[in-house]
Amino acid sequence: MISEFDLLSEKISQLASLTHALRRENAELRLKNTELRQENRQLTERMESAHQRVSSLIETLPVADQGGEMDK
């Protein structure tokens, strides 16, 4: 009977260790998720800015007529 209690105690210790490890991993993943979301926002802002700059440049390009000559 003592060995059964020892086995149960060992399993409880293993479960506690696993629980602590999973909590640490969860906290690390939450932090990484926050960092990745921030990076994603920054990259989205950069992409939108680049899109606006390209759109502005396109608007300044001369328009070609049907004959292939550009309007002045």
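The values are calculated or read from the model by the stated rules, or taken from the named source; none is laboratory data. Just so it is clear, the model here is predicted, and its values are computed rather than measured. Remember, those area values only see protein heavy atoms, side chains included, never the ligands or the DNA or RNA. Shrake-Rupley method; radii C 1.70, N 1.55, O 1.52, S 1.80 Å.
Using a 1.4 angstrom probe, figure out how much accessible area the chain has per residue, in square angstrom, rounded to the nearest whole. Intermediate results must be reported in sequence, preceding the final value.
Values: 7260 Å² over 72 residues.
Accessible surface, normalised per residue, equals 101 Å².
Working with all protein chains in place, sort M1, M47 by solvent-accessible area computed with a 1.4 Å probe, largest first.
Working: M1 155, M47 130 Å².
Heavy-atom accessible area, descending, gives M1, M47.
In deg cm²/dmol and to the nearest 500, what is the mean residue ellipticity at 222 nm of the chain if only DSSP H runs of at least 4 residues count, each as -39500 (n - 2.57), divided by the residue total? Could the numbers behind the result be given before it?
Numbers: 1 runs with 59 residues, N = 72.
Counting only the DSSP helices, I get -31000 deg cm²/dmol.
Starting from the exponent 0.38 and prefactor 2.2 Å, build the expected Rg for the chain from its residue count and divide its actual Cα Rg by it.
Details: Rg = 30.8 Å, N = 72, 2.2 N^0.38 = 11.2 Å.
The chain yields a ratio of 2.75.
Tally up the carbon and sulfur contribution to the accessible surface of the chain as a whole percent, 1.4 Å probe, everything protein left in place.
On the way: 4080 of 7260 Å².
Summing carbon and sulfur atoms, their accessible area is 56 percent of the total for the chain.
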